[in-house]
Amino acid sequence: MGYNLKVKFMVEVKLVDLTKRFGKVVAVDHINLTIHDGEFLVFLGPSGCGKTTTLRCIAGLEIPEEGHVYFGEEDVTFLPPRERNISMVFQSYAVWPHMTVFDNIAFPLKIKKYPEKDIKKRVEWAANLLRISELLDRYPHQLSGGQRQRVAVARAIVVEPRVLLMDEPLSNLDALLRVLMRSELKKLQKRIKVTTIYVTHDQVEAMTMADRVAVMNEGRLMQVGTPEEIYNKPGILFVAGFIGSPRMNFFEATFTGEALDAGDFKVNILHEYRAMLEKYEGKTLTVGIRPEHVYIPERSPTGVPQQELEGVVDFVEPLGSDTIIHVKIGNKLLLAKIPGTVKVDYGSRIKILVDLTHLHVFEKETTKAIF
Amino acid sequence: MSRVAPGEKTLILKKLVIYALAVIVSSWILVPLALIFISAFAVPEEYYDLNRIIPTSFTLENVNALLFVLKEWKATLNSIIVALLTIAISFALGLPAGYALARYIFPGKDMFKLLIISLRMFPLMIMAIPLTILYLNLGLSDTLLGVAIAHTSLALPFVVLITSSIFVSVPVEYEEAGMIFGLTRFETFFRITLPLILPGLAAAAIFTFVMSWNEVFVASVLTLVNRTLPADILVSVLAAPDPYKFAAGFIMVLPAMIFVFIARKYLVAMWGITLR
């Protein structure tokens, strides 16, 4: 289609001290965040962490008790949804059952009084983009879940929204379709360059789609960063534990000046990291290491400082390409992700190597990352 | 010899029972209806002939006399007007209440629900005299609007409860999507919610219509000249010969049947979704 969408309303979204309570429950707790022009930002967190409520405050479906929402310079905190010039894709799609696909997609345009010819052109453009052109005169009940989802997205992009909001749009799709739609949505967003705010509890979705991820827990913003930052430099224990599968290994250890003493084993600290730990000497810290950074001797990368530990194989989870082995060292359990081709037996003694350049150390009280 | 499998036998038996029950239930409704229809058009001589069970010659005379000589067509019109007015008023009041009950949490919500139902605890006989005095003072006595308002008070509790359960079945996201894409709350109700609940509204409308159509007591107490059909028939056919009574029964049944027949098609699933 030769029809070209001009994006007039790219906009920066700014949340200032945003707070929303439901009775005594604080759903959103003083959130400060700026979402840039044309950015794909993902709110990620466990259910009930306040990510959807934050999105609904941006949509205008909830009015916050405190704080403000800005679109560019404009304070939209108390503006009704229809005056915000936004679009939203709902988890349940919310494709109106009493309208055909065409009418569903055309609806926002009709409300905004676009000329009839323009409406047709735009609906065709959006339908073509989402490959639902042949479904335009069907009713929603004649569509599959995936097709309905495409209709919901088409309806959301047809109006040139200032901000596109998506509330777990893929969670009702089957696994295969979800993977497909993930890349399609991302490509679509890059193409029309609309500021997009996306809510999900699925870390894979967040990592694969986001320009930046905002991790939330218990109504608070835990960390905001690119997927790489979130994964490689978690700023707080929660983020370290939430991102990555299998979960990061955690154990408590005391800093002795050169090593972290976990009781059952010790892990040396490289010189370049010691300075950061100086003031914690003699104190208990939480140490994290991802299973993919725990190696076995025959498959360890060369030139990387490692700490050798010895333990007993407690459990083996073969995943095909990889195998997760649970290694018991005294009372501690460390998971290691090793290539699926390596054979490991239950109960056998095994040597494992901890990658010392990938250790994460957190303060015990504040759970904040030291490095 | 073909043998019938034991499973097949019980299946046949089950079917037989179901069909028997269906026949009983339908005759329970259809036999009286047939009796009314036949007798309404029967020639009186044949109707009273003891040697006949079912009359064979028919005439429009009974219905004709009732409708046009006794002027029951006017009462029929009155009844239709009152029933439609009752639907209009009880929907205008009941829909917002049903919506509020379905969508919002507010203090005293359960109490409110209970109060709605308790409205039906007072027998009409008790309220008849105060209502008449009130109506006389308000100038509503002997008006169709007055009867419609009284019927509304009977129908309203059910309209509120039926519609609130229908509204609950409409996902909130449909309305939120409406507001996101440019509608006000009001427009959302009329353009998104209302079309979706048409089947449920049809059910509520049928209920209200039938209730108003059949109601005798209030109509008799509150009106003298502008009577609705049942109230008027009660007086005019009381001492009339049987065929007249059946003719009265016929004109009572027919409009209600037509109305239910029209509203019925909205009852079944629309838009491919089944709302309660």
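Data overview
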quantity	calculated
Residue in the range A:112-128 that is hydroxyl-bearing (Ser, Thr, Tyr) and assigned to a strand (DSSP E or B) present	no
Where residue A:132 falls short, out of the listed (1) more than 13 Å from every other protein chain (Cβ to nearest Cβ); (2) under 27 Å from residue A:37 (Cα atoms); (3) β-branched (Val, Ile, Thr)	(2)
Evaluation of residue A:43 against (1) closer than 30 Å to residue A:236 by Cβ; (2) assigned to a loop (DSSP other than H, G, I, E, B); (3) touching a residue at least 60 places away in the same chain (Cβ under 8 Å) (one fails), failing number	(2)
Given (1) basic (Lys, Arg); (2) surrounded by 16 or more Cβ atoms within 10 Å (Cβ to Cβ); (3) more than 14 Å from every other protein chain (Cβ to nearest Cβ), number of the condition residue A:122 does not satisfy	(3)
Qualifying residue in the range A:101-108 (condition: over 30 Å from residue A:29 (Cα atoms), more than 14 Å from chain B (Cβ to nearest Cβ) and more than 25 Å from the chain's Cα centre (by Cα))	yes
Boolean, residue A:177 is surrounded by fewer than 21 Cβ atoms within 10 Å (Cβ to Cβ), at pLDDT below 90 and assigned by TED's automatic domain parsing to the domain that holds residue A:72	yes
Residue selected from the range A:50-84 under the condition surrounded by fewer than 21 Cβ atoms within 10 Å (Cβ to Cβ) and at positive phi, by the criterion nearest to the other protein chains (Cβ to nearest Cβ)	A:72
Members of the range A:349-371 that are surrounded by 11 or more Cβ atoms within 10 Å (Cβ to Cβ) and either without any contact (Cβ under 8 Å) to a residue 40 or more places away in the chain or not in a strand (DSSP E or B) (or both)	A:356, A:357, A:358, A:359, A:364, A:367, A:370, A:371
Residue in the range A:56-86 that is nearest to residue A:144 (Cα to Cα), counting only those that are assigned to a loop (DSSP other than H, G, I, E, B) and in contact with a helix residue (DSSP H, G or I) (Cβ under 6 Å, 6 or more places away or on another chain)	A:61
Pair list, Cβ under 9 Å, 6 or more apart: the range A:85-96 residue closer than 11 Å to residue A:197 by Cα and more than 8 Å from chain B (Cβ to nearest Cβ), other residue among the basic types (Lys, Arg) and not in a loop (DSSP other than H, G, I, E, B)	A:89/A:155
Filtered residue count, the range A:87-111, keeping only those that are closer than 22 Å to residue A:58 by Cβ, among the aromatic types (Phe, Trp, Tyr) and in a helix (DSSP H, G or I)	1
Selection count, the range A:164-208, where residues are closer than 20 Å to residue A:15 by Cβ and among the hydrophobic types (A, V, I, L, M, F, W, C)	7
Looking only at the range A:1-31, and only at residues there that are surrounded by fewer than 13 Cβ atoms within 10 Å (Cβ to Cβ) and under 25 Å from residue A:190 (Cα atoms), the one that is modelled with the highest pLDDT	A:8
Qualifying residue in the range A:250-271 (condition: under 31 Å from the mean Cα position of the chain (by Cα), under 20 Å from residue A:323 (Cα atoms) and touching a residue at least 40 places away in the same chain (Cβ under 8 Å))	no
Helices (runs of 4 or more DSSP H) fully within the range A:221-306 counting 2 or more residues that are modelled with pLDDT of 95 or more and closer than 30 Å to residue A:53 by Cα	A:227-232, A:237-242
Members of the range B:205-228 that are over 24 Å from residue B:166 (Cβ atoms), hydroxyl-bearing (Ser, Thr, Tyr) and either free of Cβ contacts under 8 Å to residues at least 12 places away in the same chain or in a helix (DSSP H, G or I) (or both)	B:220
Total residues in the range A:180-211, condition surrounded by fewer than 17 Cβ atoms within 10 Å (Cβ to Cβ) and outside any helix (DSSP H, G or I)	2
Test result for residue B:224, touching a Pro at 6+ places or on another chain (Cβ under 9 Å), within 22 Å of residue B:248 (Cα to Cα) and either aliphatic (A, V, I, L, M) or more than 14 Å from chain A (Cβ to nearest Cβ) (or both)	no
Residue satisfying all of: in the range B:17-69; outside any helix (DSSP H, G or I) and among the hydrophobic types (A, V, I, L, M, F, W, C); nearest to the chain's Cα centre (by Cα) among these	B:41
Residues satisfying the stated conditions in the range A:135-154, i.e. of a type in the set (A, V, I, L, M, F, W, C) and away from every other protein chain (no Cβ under 13 Å)	A:135, A:136
Entirely in the range B:110-192, the helices (runs of 4 or more DSSP H) that have 3 or more residues that are away from chain A (no Cβ under 14 Å) and touching a residue at least 12 places away in the same chain (Cβ under 8 Å)	B:124-138, B:144-168
Output for the range B:212-229, where each listed residue is hydrophobic (A, V, I, L, M, F, W, C) and modelled with pLDDT under 90	B:216, B:217, B:218, B:219, B:221, B:222, B:224, B:225, B:229
Residue in the range B:201-209 that is within 14 Å of another protein chain (Cβ to nearest Cβ), at pLDDT below 90 and touching a helix residue (DSSP H, G or I) at 6+ places or on another chain (Cβ under 9 Å) present	yes
Selection count where residues are at negative phi and buried (at least 18 other Cβ atoms within 10 Å of the Cβ), scope the range A:93-113	13
Extreme residue, modelled with the lowest pLDDT, among residues of the range B:70-109 that are of a type in the set (Ser, Thr, Tyr) and part of a helix (DSSP H, G or I)	B:76
Output for the range A:253-277, where each listed residue is over 18 Å from residue A:357 (Cα atoms) and among the acidic types (Asp, Glu)	A:264
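The values are calculated or read from the model by the stated rules, or taken from the named source; none is laboratory data. Only a predicted model underlies this, so the values are computations on that prediction, with no experimental measurement involved. All Cβ positions, even for glycine, are placed from backbone atoms using ideal geometry, and neighbour counts span all protein chains on display.
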